[in-house]
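The numbers here are math on the coordinates, done by the rules we state, and not lab data. Quick caveat: nothing in here was measured; it's all calculated off a predicted structure. Please note: Cβ atoms are built from the backbone with ideal geometry, for glycine as well, and neighbour counts cover all protein chains shown.
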Amino acid sequence: MKNKKTTLFVDKGYKLTKDAAPLSFMLPIRHSQRFPLLHFDDETGVNRELRYSSNQKSPFVDEQDKNVLLTPVIFEDGFLYVPKNDQVLQEFLHYHPLNGKKFVEIDKAKDAEEQVEDLMVEADALAEARSLPIDLLENICRVLFNTDTTRTSSAELKRDVLVYARNYPQDFLDVLKDPDLQLQGTIQRFFDEGILAFRKSQKEVWYNTKTNKSKLLNVPFGKDGMDLVTSYMRSDEGIDVLKHLESLLK
């Protein structure tokens, strides 16, 4: 004789999806024009109306009797605990249209996996930051922080990069993969050492060498000047300019 399969009832927790959760959030518990509370039944092709009532055996209106006792569902400090003996509320939350949008069921194993993944990314970023050669370290500081590396110690540069890698590990790793990193760092040096200069509230880019004081580029409204210079230096016309300015670097 086969053993009868039993359903395992467990306590469940839910949390609001936004980081800055309100102190108290009341979930809609019945259908209205302002907030339609419907679940589409794939088997019947019918939208079934949801309503939470603590004295009913189902969260679906078509399975409830007339003695409905509406019970508020409130997240306190972003969390809601539902014991295993309240299966109606657990089922109601499962089918609720805001499930996955406004709130999610707490999955400790999944949360742990995500935390491990985040920690691994942070560890990778810090390892990369620690091993940066000085030229790449300077380039990153020029690009990320607009640092004048001629006036900043290597210890300060290393500290700033390590802090950034710890706080924004994925962004830092993405910067390292950016093929324009070297070029952007070089262009920032042009400005730091006065070979290029912005004028007229950064609307124009000018040469500022001993033999050339002419205008290089106009910066259109809404455009970033550094991005514009980077694009220009990648062009056929800008390659020769880039080589010439590189030869002038100290």
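Separation between the Asp171 and Asn55 pseudo-spin-labels, each 7 Å from Cα along Cα→Cβ, expressed in nm? For the pair Asp171/Asn55, the computed spacing is 5.5 nm. What FRET efficiency, computed as 1/(1 + (r/R0)^6) with R0 = 30 Å and r the Cβ-Cβ distance, is obtained for Glu63 and Leu119, rounded to the nearest 0.05? Efficiency for this residue pair is about 0.05.
Taking a straight Cα-Cα cut-off under 15 Å and skipping sequence neighbours fewer than 8 places away in the same chain, the aspartates and glutamates within cross-link reach of Lys158 are Glu128, Asp135, Glu138, Asp148. Here the 3J(HN,Hα) profile of the stretch 210-219, calculated from phi with Karplus coefficients 6.51, -1.76 and 1.60 at θ = phi - 60°, is 5, 10, 9, 10, 8, 7, 8, 8, 9, 9 Hz, Gly and Pro shown as x.
Straight-line cross-link partners of Lys12 among the aspartates and glutamates, defined as a Cα under 13 Å from its Cα and at least 8 positions apart when in the same chain: Asp86, Glu91, Glu105, Asp107. How many nm separate the modelled label positions at Ser235 and Leu126, each set 7 Å beyond the Cα in the direction of the Cβ? According to this spin-label approximation, the distance is 4.5 nm. Averaging the Cα positions of each part gives two centres, and for the stretch 59-80 and the stretch 175-231 these lie 61 Å apart.
Based on DSSP H segments of at least four residues, each scored -39500 (n - 2.57), the chain has a per-residue ellipticity at 222 nm of -13000 deg cm²/dmol. The residues packed around Arg166, meaning those with a beta-carbon under 13 Å from its beta-carbon, carry a net charge of -3 if Lys and Arg are +1 and Asp and Glu are -1.
Taking the average, over residues, of other Cβ atoms within 10 Å as the packing measure, peptides 142-151, 8-17, 51-60 rank 51-60, 142-151, 8-17 from highest down.
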